[in-house]
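The values are calculated or read from the model by the stated rules, or taken from the named source; none is laboratory data. The structure displayed is predicted, hence computed values, not measured ones. Note that each Cβ is placed from the backbone with ideal geometry, even for glycine, and that neighbours are counted across all protein chains shown. All accessible areas refer to the heavy atoms of the entire protein, side chains included, with ligands and DNA or RNA removed. Shrake-Rupley method; radii C 1.70, N 1.55, O 1.52, S 1.80 Å.
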Amino acid sequence: MNLLHKLLQKQITPLQTAGFFLSNLFGTIVILLGLQLYRDIAPALSSGASFMKEEYLIVSKRIEPSGSAFGQTYTFSPEEIEEIRRQPSVRDVGVFLPSLFSVSAGLGMKSTGLYFATEMFFEAVPDKYVDVRPDLWRFDPDDPEIPIVIPRNYLNLYNFGFAQSQKLPKLSEEMAGALQLDIRLEGAGLSETRTGRIAGFSDRLNTILVPEAFLTWANRRFAPQSTEKPARLILETDHAADAAIAEFLQTKGYEVENGKLENGRTAYFLRWMTGIVAGIGLLVCLLSFFLLSLSISLLLQKDRAKITTLLLLGYNAGQIARPYRRIAVVLNGAVLAVAAVTTLILRNLCLEQVQILFPQWTFGRTATIFIAGFGLFLVLSLLNAAATYRKIRQIGHDKA
C-alpha cells in the first residue's frame, strides 16, 4: 500500500479543494433548507382542521341581497351537484345533510345553578370525509351518546369572552372533550334527550357536525314530512389550487369557505418554489461534483505513469482508486456536517420570524435535514467513486 500512498504526493491544490467544498456546501445548504422549511410550513397551512382530510373544498352559493328578499333558498339541485361532479379536477362530491328538527343543548350542573342551555343545529357529511377514529364516530339508535365536532372558535368565545366576563373557569380542548352535553331533540310531536360527546374541534367549518347515520335517523324520526335540501357541498379535488376548479366556482357564483382555496393556492405555490430552490441547489451540487471529478481526473492524468506501473504489478483498478475515493468521501462528509449545522441554525432563525407572524403554528422535527443530507452524501460519494474507477480502467485500457 506504500506505493498507493505515494500517488497522493501530488495532492489536489488547496484552491481546487476549497472551490469544491464551498460550492458543494452552498448547494447542499440550499437543498436541505428548502426541503426542511417546506416540511415545516406546508402542514401549518392546513393545520387546525385535522378532523377533516386535505384537498377538500367547502362550497356554498353566494347570498345576494335581492335573492334574500324574494325568499331564495340557495340550495343545490341534483343537476347542479352532478355538474360539479363532472369537473375534471373533482374526484367526488358530498353533501352537507342539515337537521330538520329542533335541537337544544345544555351543559353544567343544575343542582349548583350553573347550567347553560341554547338552541342549536346539526349538520352531517359522509363519513369518508371525516378523519376521526371509526370507534369514536359511530351511532347506534340504542346508544344514547352522540359524537359531535364543534368549531374551535366556539370554545375560544367561551374562554375569552363569556367565561372571562362571568369569572368562570376556562376549558382546554381536553377538558371540553371530557364534558357531556344534554341534547334535546324535538319534532313531529316527539321529544327525546340524548348525551352529546365532543369528538373533535374544527377550524375550517362553522358548523356542528354529527355522524351521517345519526342525522339520517333523526330526520326520519323527528321530521318525516320534510325534504333534505343541501345548501353546502364538500368537494374532493386533485389539489385545492387547481385553476380550473377555481374559475368554474367563480363563474357559477359559488363560494369556498374559510379561504381554503387561497390556502391551497399558497401550498401549491410553496411546492413549486420548493422544487425550484431544491433544483438550483441540486444543480450547484452537480457542478461541484464535476469540479471534484475534474480535479481528480487531472491528478490521475498526472499520475498516469505510476498508475500504469501499478496495474502492471498486479494491482486492480479498485485498489488504486481507493486513495482518491477517500478524498471524495472526506470532503463530502465535511460538507454534510457543516451543511447540517448551518441549515439548523438558518432554519431556527427563519422559524423565529414566522412564529412572530403566526404564533399558532407548530413545526415538525428536523429529520428531513439528516435524511436528505445523508442521501446526498451517498449519491455524490458513489458518483465520484464510479468516475474515478472508470478513469483508472480507461488508463489501463489505453496502455494495453
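Values for this structure:
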item	result
Qualifying residue in the stretch 321-328 (condition: in the same structural domain as THR28 (by TED's automatic domain parsing), crowded, with 17+ Cβ neighbours inside 10 Å, closer than 30 Å to GLN36 by Cβ and in contact with a Gly (Cβ under 6 Å, 6 or more places away or on another chain))	no
First in the stretch 144-170 and more than 12 Å from ILE208 (Cα to Cα) and part of a strand (DSSP E or B), second anywhere and modelled with pLDDT of 80 or more and among the hydroxyl-bearing types (Ser, Thr, Tyr), Cβ under 6 Å, 6 or more apart	GLU145/THR195
Of all residues in the stretch 337-376 being open to solvent by less than 40 Å² (accessible area, probe 1.4 Å) and under 17 Å from ASN24 (Cα atoms), the one that is modelled with the lowest pLDDT	ILE369
Among the candidates ILE198, ILE146, residue that is open to solvent by less than 30 Å² (accessible area, probe 1.4 Å), farther than 21 Å from SER60 by Cα, touching a Phe, Trp or Tyr at 6+ places or on another chain (Cβ under 7 Å) and among the aliphatic types (A, V, I, L, M)	ILE146
SER102 within 19 Å of ASN206 (Cα to Cα), open to solvent by less than 60 Å² (accessible area, probe 1.4 Å), of a type in the set (Ser, Thr, Tyr) and modelled with pLDDT under 65	no
Test set (1) assigned to a helix (DSSP H, G or I); (2) open to solvent by 40 Å² or more (accessible area, probe 1.4 Å) - GLU186 fails condition number	(1)
